Structure formats: C-alpha cells, structure tokens
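Derivation of every value follows stated rules applied to the coordinates shown; laboratory data play no part. The shown structure was predicted, so the numbers you read here are calculated from the model rather than taken from an experiment. Cβ placement follows ideal geometry from the backbone for every residue including glycine, while neighbour counts extend to all protein chains displayed.
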Amino acid sequence: MDSKRPLLLQSPRTTNDQEFPTIPVFPELPKSKSSSSNTVTFSGVEYGQQVDHKTSSNSSTSSSKSAMSIHSMSSSKRNNSLNHSGSKKPVTVRYGSKGGGDSDGLTMSQRELRDEDARLVYINDPEKTNESFEFFGNSIRTAKYSILTFIPRNLFEQFRRVAYVYFLIIAILNQLPQLAVFGRYVSILPLAFVLFVTGVKDAFEDWRRHNSDKVENNRLASVLINDGSFVEKKWKDIRVGEIVKIKTNETIPCDIVLLSTSDPTGVAYVQTINLDGESNLKTRYAKQETGSKVQPRYTGLIKCEKPNRNIYGFMANMEIDGKKLSLGSTNIVLRGCELKNTSWALGVAVYCGRDTKAMLNSSGAPTKRSRLETRMNYEIIMLSSFLVALCTITSVCAAVWLKRHKDELNLLPYYRKLDFSKPKVDDYKYYGWGLEIFFTFLMSVIVYQVMIPIALYISIELVRVGQAYFMIEDHRLYDEATDSKFQCRALNINEDLGQIKYVFSDKTGTLTENKMEFQCASIWGVDYSSTKANIDGEQGEYSVQVDGKVLKPKMKVKVNPELLKLARSAVENEEGKRIYDFFLALATCNTIVPLVVDTPDSDVKLLDYQGESPDEQALAYAAAAYGFMLIERTSGHIVIDIHGKRLKFNVLGLHEFDSDRKRMSVILGYPDSSVKLFVKGADTTMFNVIDKSYNMDLIKSTETHLHSYSSLGLRTLVIGMKELNTSEFEEWHAAYEAASTAVFGRAALLKKISNNVESNVCILGASAIEDKLQQGVPEAIESLRAAGIKVWVLTGDKQETAISIGFSSKLLTRNMTQVIINSNNRVSCRKNLKDALERSRKLMSTFGVGNNDGAVANQIALIIDGGSLVHILDSEHEEELFQLASLCSVVLCCRVAPLQKAGIVSLVKNRTSDMTLAIGDGANDVSMIQMADVGVGISGQEGRQAVMSSDFAMGQFRFLVPLLLIHGHWNYQRLGYMILYNFYRNAVLVLVLFWYVLYTAFTLTTAINEWSSTLYSIIYSALPTIIVGILDKDLGRSTLLKFPQLYSAGQRDEAYNKKLFLLTMADTLWQSMVIFWPPLFAYWKSTIDVASIGDLWTIATVILVNLHLAMDVVRWYWVTHAVIWGSIVATFISVMIIDAIPQLPGYWAFFHVSSSGLFWALLLGIVIAALLPRLVVKFIYEYYFPSDIQISREAEKIKQYQRVAENGQIEMLPISDQQQHR
Amino acid sequence: MDLDGGSSSTISTGARAIPGRPVRHGALYQFTQQNLPACKPVLTPAAVISTFLLMGFIFIPVGLVTLRASYSVVEIVDRYDIECVPEEYRSNKVAYVKDDSVSKNCSRFLKVPKSMRAPIFIYYQLDNYYQNHRRYVKSRTDRQLLHGLGYNDTSSCRPLESSDDLPIVPCGLIAWSLFNDTYKFSRGPSELKVNRKDIAWKSDRNHKFGKHVYPFNFQNGTLTGGAKLDPTIPLSDQEDLIVWMRTAALPTFRKLYGRIEEDLEADDVIVVNLKNNYNTYSFGGKKKIVLSTSSWLGGKNDFLGIANLFVGSFSILISIIFLVLHLKSPRPYGDTAYASWNKKSISS
C-alpha cells in the first residue's frame, strides 16, 4: 500500500507563486484540452504579463519583498481552502479573474532561480550557515528605542508632525536677542511640555515592550547539538541552521522547516492563533525523505527565499542525500504558532528573530486622516494668512511710526536710540529702518503665534482617545457570543464615523453568521429537503463506540428522517448506492482534520472537525449525522466509520480548491483497491465537467433543485464522482508524482493535471447549506437606510442567493424596481448598462424625486454581477455605472472578486466627496476595507485578516447602528465643535494682543504677561474643551436610535463648515473688541499700569472663553461644572501667584486693581456685552431656524415621543436599548 | 433643568434581567456608557426673553449709578506745557527746556468749579508718551531695585546700565526719564499743604524697592533724562520714582503727585507754582496738571455709565422684539413634525 503512495501525498499548498512553468515539463499534456475544459483558468502567459504592468500592487510585490503589502499576503491566503463561494477568491485576481494573479507568480518564479536572492541554510550546521553571512539571531526587539537612542529617535518621531516644527521655529525665533519678546525660557516651555509628556508616554510603552521582549527572548527550546542530544537553549540563542525540537503545546521559537514529526507520515498540526487569529488547526508536513530518517543525523542544504512578510507563502528547495526536493508553505511552521495534537516535531530554523514572518508582519494598521482634519487644514491656512496679515499690519504701522518719529528717536525718553555710555556715541539696538521692520514682523509672529492653535492638535488626540475609550467600553458594541469588545485600531478617524454616506458590506460572515448549517440535499435527482422534517426538530445525533468509548460529532445537524433511513439501509439498490457515494464524498472530499476532544464524561468523546472552510465543516458534520463519520485523517489515509463499520481509504491524491476551478477533488483508494475520484464544487464549473451523455433528466432535476435552493438563500455545492480504471490512474499518478516534485511551476502543473482528471464526472447530487442571517441585520439595515446611508452589498454568492438574502435582510423590498445587469461579454454589458441608466433616469424623472433617504415609494435596486463588472470597471463605463448607482437606493453586487470590491469602493470614493465605509470579515474583504475611508472588520469566523487591516473591529454587523448613529454622531459633533471653539479661543487672545499693540507705538508690548499668555492654552482654557469634547452629548442615545435621520447632520457637514467658521470668526472679532476697548476707555487718562490692565484682560478673556463654552454645553455633568468653573478659579489663582512674585514688574497688580469697583464692573460688563450677540444669534437660529438636532433636543426634553408615534409619521424602528441587550 | 436619567434607568433594568454578566451598574458603568446624570438646559423663549429683560433691569440702574458717581467727581485739568514757556521761546521749546540758565518757574491759576471734598488728588498727566513702548518697558531690572548692588546683571538696562564700571542704581530708561516737574499750591495768601507720602503702592514700597538701596550714582551721565534723586534716601522711600516705575498702560496717563487734605470751596482760586523742567517738547507730548476728587469708581469717567445704559436698553429692546415675535409666530416646542425629514415627506 505504501509503495503505491506517491512521494508527495499532499498537494503542495504553494499558492499562485508558480503558476506558469518556464520549462514545459509535461509536453504530453495537451494544451488544447486543458484550455477547453475550463474557459476561465488559462488565458495565456502573454495576458498575464500585460496585466502585470497594469497592476501596481502586484508589480510592487515582486519588485521588493520587504515592501510586500498586506494585499499580497492576503492574496494567497484563501487558495487552499475549499469553498465554492466566490467570496473566497484570491485577491490577486484583478477585477474579474483574468489571471492577474498569475503574472505575479511568473515574476516570482523567475526571480527564485537566482542564487543571490536565496538564503542558504545548511541543516544542523549553523557555523557553515552563518559563515559567509551572519543571519540575525533569534533575539527579537519590538522595542523602538534603547537608552542611548531614545532621545534623538523619539524627538525625530515627534517632530514629524508639522505643528511641532512650527512650535520649534517659534521657540528658536524667540532665542534671537533682537526678538526676545517673551522670556527665552518661557517660550520653550509649551513645546518642552508637550515633548516631555509624549516622550514619557513613549518611554513607558517602550519599557513594557522591552520587558516583553526579555521574557520572549529568554524562553527555552530544545536544540540539537553535535553529539546528537538535545539541550535547552534560550530562544535568543537559536541560530539559523540549528535543529529545534518542539513538543505538544509549545510555541515555535522561529520559522522552521519541518524535518520529521511524531507522526510517521510527517504530519504536524499547528494552531496559528497568535499569527493570524484563526483558531482551527492547520496541517503542516515534513518531507518524506527527512521524516523517515533515523534521527538525529541530518545533513543537507535548504535554499529558500529571502525573508518576506507573506505568511501564506514559502518557497524553497532542499537538497538532501543528493535529492532535490521542493518546499512550500505547508512545510514551514512560523514563529508564534503552537504545536497541537502532535507529540513532537523536529525542524530546522530558517528564519530567526526579526527575519521571521511574524516579526515582519508586526506593523500596525495604515494611518488614515480624518476628513474633518483635512477640512480643518483649509481653515488653518485661512488663520495662517490672517496671522500674516496681522503681522504685516503691525510691521507696516511700525514702519510708518518710525519714519514719522525719525528725528526724535535719538533722545525720545522711551526710545533713546543713542547710547552715550561708551566713549563712542553709537546707535543702541537699532539696526536701520529696514531691519527694524523685519524684526518687528518676526516679533509679531512670535507674539501672535497662538493664532495657529497648536494645543488643538494635542487636544484632538486626547479627545479621540477618550472617545475611543467610550466606544470600546460601550456594552452595545460588546459581542457576548465571542466575548469581544469593540476595537479601535485607528485612533485618528473617530469622527469620520459620523459622516458616512455609503456602507459597503460583505455578505458572508458580515450580514450572515457564517455558521454553515447543512439544510438539504438533492441526491440522484431526488430532493431531500429537511424543511418537512424540521417540524419534528429532530436532531441527528450519531455516535459510535470505539474502544468502549462513545464518539460523537461536536455539532448536531438536523436530519431528514427519510434520508437517514435510506442512508442506513443496505447498499443494494441503485438509490442506496448513490446515497452511499454521496455521503462518502461529503465525508472524504475535504481537508477536514478530526480532533478528539474530551468531555467531562470520560466515556464520551467529541469529534471536532477542524477545517479552514465552514462549508466543509458543515458537510462533514452532516455526513457524520447520516452515519458517515470521519474519524481519522493522516496525509496518507482516511478512516471513516460507516454505520459502525470502520473503513480505511487511501488518499492517493488531493486537488485542492482554487478559485478558477471552483472545485476540489480527492482520489481515494478503496480497501478493495478500486480507485475513485470525488469532486465537489460550484455549479457553474461542475456542470462543465459532468458527463452530460449519462443522464440528462438527472442533470435537469438537479439543476432545478439547485435553483430552488439558491432562491431560498442557500449555498449550494454539486458533488460528482468518477471511477478511475487502472490506465487512467497510472497516467494520472505518473503525472501527479512528477508535478509534485517539480521545482518550478508546480501549481500550474497540478492545476493542469486536476483539470485533466476532473472530467466526465458522473453527478451524484447537490448539497445546500444555510448561511444564517446575523441577529438584528434587517433592523440595522433599515436604520442605516433611514439615516440616509446607502448600503451596498458586495458578495461572492450567486445572484439568486444574493437577491434572496437581500430580501430577508430587508435590503430589497417588494416595491423596488430591480435593475439587473448580468452579461458575459463587453458589448452586451455596455448595452445593458446604457439601457438601465436610461430606464432609471426615466423612472426617477417621472416621480420627480431624486433622493432616496425618505419614504419615497419608488426606489431602484441595482443588481450587478462580477462578470459584468469586469467589463465596466476600469473602463470609460465606470462613470455610467456610477451615475446609475447613484440613482439607485440599493446596489447589490454578486459574484465579485475581492479586488473588484475595492474597485467598487474606489468607484464611489473617487467620484464623490461622500464618506465610504466598508465592512467585512474575511481576507477577501481586506482590499475593500483598506480602500474605504473607514474600514470596519468583523471579528468572526473567517480569521482575523479583515480585523488586522481594519480601522475599527467589532463582533456583529448590527453594531454598525450604534457605532455610526450614536458614537459617530457624537464624535463628529463633539470634534467639529471643538475645532471651531479652539480656533475662536486662540483668535480672541491674539486679537486682544493685537488691539493693544495699536496703542504701544506698534512695538509688540503685551499687557497680558508672558506667563499668562503661555498658560492660557495650557491651564486657563485647555481642560474644559477637552472634557466637553469627550463627554458632551448633543442628543441622547435613544433619540438618536429613534430618529436615524438625525445622522444626516454629519453627512451635511452641519457641525463644521465654512459658514460656521466665518460666523465664529466674526463673533471672535466682536468679543475681542468688547474685551479690549471698554477697559481702554474706562482707564484712559488714569493711573492704570500695564500689569493691572493686563490682568483685567487676562481674566476677562478666560472667563469669556469659558462662558462661551458653557453656553454651548448641552449636558452638564458634574465633571463639566468642575472643569469649567475650576478653570476660571485656576486662572484667578495663577494670576494671583504670578502677581505675588516681586521680581516681576507687575508685582501685586492684581490685588491692587481688583480692590476697585471699576474692575468688577468692567468684568461683568465685558462678559455680558461680549456674549450678547452670540446669545441673540443662537436663539434666533434655534428658535426660528431650528435644526433637526435642536428640535429633537427639545423633544427629548419634554418627551413628546408618544404624540409623534400617534401621528404615525415616523416609522418606529424596532431597535431599542432593550432589544440590543439580548 | 431636569436630570438626564431616562435612558439610564431603562438600562439598569435591562441589565438586571440578565444574570451572570459583567457588572452593569454603578457609577463607573454609568460613566463608561456615558449615562452620567446630566442637566441639560435648553434655550426656551421664556428663559431667553426673561434673561434679556433681567439684564436690562440690571444694567440700566448700574449705568445710572456709575454715571452719577462719575458726575460727582470734580476734576480740574490744566494744560501748562505751552503756557509755561516764555513767549520768546515758543518757537523753540526744546532749547528752552534744555537751557539750565533759564528759570523754569511758572504760575497757573485754577478756579474751583464746585466744592471739592478732601482728599483731593493731584495728578500730572502726560499725553502721547509711550511708557508702554517695548524698548522702554524692558529697560529696567526689578532685582536691582530690590537688592541694589547685590544684583549685578543689569544688561537689560542698556543703554543706561553702568557708569564708571558700577551699575547705575536704579538703572534703565524708565528710571532715567523720571518726571521732574514740581508743583506748589496756594489758596489766596496761604500755602496749601500737599501730602506727598503714600502716593505709591504700599506693596511696591515694602517688597519691590529696597530699603537699603541708595541711588548713589543716579543721573551722572552725559545726558540727563529727568529728575535726580537724593542719594541719602533709600529707594523704598523715593515714592515719585516708585510711581513713575509703574509704567502706564496707555499712551495718555496720569501719575499721582500728592494729595491736598483740605476741602476746596467753589470759586476758590488755586495758584500753582510749578517748575517746568520735564522735556516733552522734543516729541510733542502734552503736560497737564489735574486736581480731582474720587468716587468708588475712581476718577471722572462717563464711559462705563453710558455703556451700561446702552447694553441695558439694548437688552430690553431685544427682549421686547423676541416677545413680539414669539407671540406672533410661536413655534411648537420640540415637535419633531417640524424636523426636516418630516417636512420633506409632507411636501412630496
């Protein structure tokens, strides 16, 4: 038996890397056959090359390994999973699977040939390995800094923000003796403070990283030494080339190539949860040649690619005993994985320390900039030009003044240009008219520097942290099923959540649970729907006795009793035989690994089917329920318990699922030495390989069943079988063996072989799996649409499935007009698109309403499939598609490839200024998540790829409603107000300073003393705006959920726009004038001194600024009270402290001036007169032009909801707090 | 001003219904769920109208009171910088003031318009004199004022930092330009006693100007800026200097010279014998002598009262306008039927 086994049993799971052989190894394989058997797969080398030029992401992948993006990581990820749903196509396929991914592989394989790009590892000979070039040791450093490099590097990091550079320039200017407006040290203080705080934070984080590095580096591993024994070695001392032994449940210390395992066939199971978060077990293999060796004598050479980030790909050759073997991603185990279910494994270290793929991948999510911040830049530019204008005015006036007093300057008592103290009478501190003007300009920049609110940048960061904290802690965003909290992975786009206009959603795993449940089967043309049987709710629980112990599958499946009876019955008749084959196919044709799990009851063990595809798991559990229980799988054989009878099948070959074939097959050697091929795959490709001559009726009825299943929203698979005779098998076997050992183009060869053998298959039947909708999805979609958000669903599913899910999720309603574009060639596609556009325009114009956010009866739903998108995207028709789509209220794209998803997102993103949000859960959504303005990952079944690349991650789709409608709204309102307020706050101070300059002969004396103006944005007014920015709520939670329409305030930029900015600035001008002039007039011709009037202005400004904020606070918490009134008190205290220093000229000024009634009368007058216009305008706006928010706020106040409900004008959405609690 | 407790109560009941979950109550939980009790004032028409009305009723009386205080102050202002220059020097006043040989004596006759109660403050007022000029303000050393020669860093006083290698005490432009006109007052035959003590802030005398710092080398330079100081009197008692060194905030300012501690009757004629020493002629500054009583408000100043009256009447006007508008076209308060999404669907 073993001798018949091919050398390489597993299909090597190399990815697309080697699709196209540069050397035609198997010319006997007729090319015409392979291309005719499958229209999609082969489109030729020349096409691939052409695509390569276009596909920037691909070319960058091949040009530099280190820059390999997450794109390319994900690209190869899903290839090895069997899943017919198109949602798992590899990402590299560009807009329609024309082989874009192949081009990547071509360049990769060419490159691989060269020795200089390879890393040579001599097995068990670290000295020789590290001889010519010292590889990195296995010690890792996630810490950024060391004690020596901390200060320069941290400063460098911090000064990458432009605001800090501005700060620095101001501080440097202040060091020039001619310009010293403020005391030299005072001017450095704010910058130093900010740098220090950030530095301490960074240092603390780095210290923690240092500690965890230390722990990690000092872990122990067994390493083989020369005398053949194993010694414990610290992780950091492991070197490339050394052989490491890992025991069960141990973590792998570095990337190792497996040499042998406790399993005689060389299988090892690993858990990659630390690497990619997927909890299922993955199989890794040791090569037969090394696995059979008597340990521990290994000599050999591994030639592998340079370290790169692709955790799903690995390419290497191994020369051992003169034989050359090729290694793929199934032969390498990466650092951070855990060995499971295998008592030991031996491997040679190939990548160590920071070369390991885990370390290379440990970079964070890409940074995005929020729209509000981008918009803010415009206002910053306006403020800057305003600043320049102020400085220009000041210096021009100063110039005129100097010119007019030119003759008097020498002896003017307050100028005294001439210096008589030295024998030679000279000009004192006078550099000529021109330079004086220039210096005045620079000085005025220093004095007015706070016009650019640098504190704002820091405040925004702090507020975002606060907002993120509240989002994370919100129990409405907490998923109990998976015990996962909301994750804020990007800290700087919180407020974008309040302005979303488009939501692009994946279907599987996002709208649906991705918990597959086997529902019905069509076997041999007979429909066995479990729907009828469901009434009893019978749960198939099948169990077998092994060694006196009961073995049960972990998941229970609803069974059809009729089918169960048939399955149990003998195999005599034709029907029974087909049913037997059908379930055998379900049980065997997969990559499921059964795991035996202990239960509290020692006699009962559970069988847990570990697999990468939930569909496969569902099918395997279903087969088990019908009595075909997969008990054991090694690389060589499968043990299946069929109604208590244990049968061992040899797995002779496995053709893995790939997205072009959309099917997988397994070749089984029966105990009676007959050989059978089982195929399962998507209907589109399966019907191409089915032997149509056999039974037309059977195919027809199966097709009918498939159609009815998919219109129920079920995912379907077609199962086929073929008996191989000896010659067929021999031909296949030879080719397969040769292909498996081929060094180059292995994947392409294997694909050819599989296409060859998967032909003329006889149909067995079809299975249907239900993908359940997640809880609350219909309500969530309804809420989002009421909020004026357009929801687009992008799915890999079939059109019928997608539409039926669309209905059940309330995305589609019956009164919508469906526009379906579904065409296979370019010409008809264009025509379809044009027709659809015309039709929809007509529809829209007849009803006259172009908007779709209200309860407009006539709505259009666009349903378009991936095939058509291939022809539309990236062509001149994109624009038409966009126009069509913008007329539609719902867009449903089915059968789309991952990169097409990104293409659709960019279609919208590039053409509108509207914000887009993409939500998805799988690796296939990564491109879309990264493309959209806001990417949300669902931490669900399909691993953590989506989460890793997302900005926010959460457990369920329905959390989108509280996230956007509540948190998004709040974040946006808070931050929008905060930015405006900060502009105002700083501009008021600058203007007060400016007005005073007009009365000091334009010499930039500041009445407000330098300490106060420095502390102004640190102590006097900083905290209230931050606290209000974190805590204030314009509307309550329930109101926001009750009226999703309120969300559109963010879409309309209501909280931050140019009009508001200008209004705020006008108010600023008025307020600064009220602060400045009344004291001026009141103290004109009086004995008032600089410090006293300065104190009055300081205090008036601070009180005013804080009261201004208080006027706009909607909800007063005790914290708000504390911080606003506290700031005013703190200002008084600070001013008193400053005035109690005898060394300052203004000594005791505050106490002196505040003892007069005039001071307090002025203060009161200033505050009230300054706020009067604001109050008037605010009231007029709120009362006569009320915004929706204002009305709702009032309604919230008087709780008028009941009346509204009776009027029936607002549809009460069934999402409430109570329901969310479930 | 009700409490925002509505939503929090539903949540806590919801939480209680589900056992075995993380703690869903308590202050921290309410905080993390952003359900802290809050007060949420809303601008209602009634509140706004009454606020404006209230402000009117506060500001108008305050304005009246301040105006009255201002009117109660009797103030005599006399500009003497031109009159006190002899006719022959009028064309070249700078030469007059620089020429030490010419007598600077001058007499002014002030008629008291209304009776003035003691104390009557005597100020000198300078116009167009930028005591807040940056060069000027910076040209001093506060530590030296307190510590004298004990503090040597007088670099900020340049160009008047040292003479004969010793720091000038007090150094700097401000001290150098000390005002040096002097005034003597008489009513009829008798001299009016002027109290020149306590004209400077007590805090300055006690803590800012040294009790053992003597102006031993003051005004010794080639160019004399203003008054000389008696080197035997410590700085803490040089009250003119202390007053002068409190630099004025505005280009037109007054400085206290002394107090007359007798009442003056209406129609009294006060003779001021002054020495017109200080040179404001080189830059066209005006010099005035001011006799003024004071009120709680300070000196005579109508601005505040008028401003208060204006703000007060403006408030009342606005409150009336709002009241009329509110009565004519009231908006149903908090009726969501008026929200934009409802309006849209009604219209279409």
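For this structure, a couple of remarks:
- Largest mean-square fluctuation among B:L43, B:L250, B:L126, in a Gaussian network model of chain B whose springs join Cα atoms under 10 Å apart, belongs to B:L43.
- For B:216-222, mean number of other protein chain Cβ atoms within 10 Å: 1
- Under 5 Å, built H, 5+ apart or other chain: amide partners of A:L595: A:D608, A:Y609, A:Q610
- Only Cα pairs under 8 Å and 6+ residues apart enter the sum, and on that basis the relative contact order of the range B:193-348 stands at 19 percent.
- Within 10 Å of the Cβ of each residue in A:1186-1195, the mean number of Cβ atoms contributed by other protein chains is 6.
- The fewest-to-most ranking of A:V550, A:V718, A:V270 by surrounding Cβ atoms within 10 Å reads A:V550, A:V270, A:V718.
- Kyte-Doolittle at least 1.0, axis length at least 15 Å by Cα - qualifying DSSP helices, chain B: B:45-72, B:303-328
- Amide H within-cut-off set for A:L764, under 5 Å, with H built and near neighbours excluded: A:I719, A:G720, A:M721
- Phi to ³J(HN,Hα) by Karplus 6.51 cos²θ - 1.76 cosθ + 1.60 over the range B:83-92, Hz, x for Gly, Pro: 4, 8, 9, x, 3, 5, 9, 4, 7, 9
- Taking θ as phi - 60° and the Karplus parameters 6.51, -1.76 and 1.60, the scalar couplings of the range B:115-125 work out to 5, 10, 8, 6, x, 9, 8, 9, 10, 9, 10 Hz in sequence order, x denoting glycine and proline.
- According to the Kirkwood relation over distinct C-alpha pairs, the hydrodynamic radius of the range A:655-804 is 17.9 Å.
- For the range A:1129-1146 versus the range A:553-603, the gap between their alpha-carbon centres in whole angstrom: 85 Å
- Think of it this way: in chain B, B:C39 stand alone, with no other Cys Cβ under 4.7 Å.
- Residues A:W207, A:W732, A:W1097 arranged by fewest to most Cβ contacts within 10 Å: A:W207, A:W732, A:W1097
- Euclidean distance of C-alpha centroids, the range A:393-457 and the range A:469-534, integer Å: 68 Å
- From least to most packed, judged by other beta carbons within 10 angstrom and beginning with the fewest, A:C893, A:C888, B:C39, A:C589 follow the order B:C39, A:C888, A:C893, A:C589.
- The range A:434-447 - phi-based ³J(HN,Hα) in whole Hz, Karplus 6.51/-1.76/1.60, Gly and Pro as x: x, 5, 4, 4, 4, 5, 4, 4, 4, 4, 5, 4, 5, 5
- Neighbouring Cβ atoms from other chains, within 10 Å of the Cβ of residues in B:308-321, number 2 on average.
- The amide H of A:R895, built 1.01 Å from its N in the peptide plane, has A:T795, A:G796, A:D797, A:G866 as neighbours under 5 Å, considering only residues 5 or more places off or on other chains.
- Most positive-pole-ward Cα, A:G788, A:L812, A:Q774, against dipole of the range A:770-812 from beta carbon charges: A:G788
- Dividing the mean sequence gap of close Cα pairs (under 8 Å, 6+ apart) by how many residues the range A:904-1055 holds gives a relative contact order of 18 percent.
- Choice from B:S70, B:S139, B:S101 showing the highest fluctuation, given a GNM over chain B with Cα pairs closer than 10 Å: B:S101
- Applying a threshold of 22 Å to the alpha-carbon distances of B:K197/B:K286; A:K485/A:K790; B:K104/B:K228; A:K236/A:K357; A:K722/A:K772; A:K798/A:K901 flags B:K197/B:K286; A:K485/A:K790; A:K722/A:K772 as lying beyond it.
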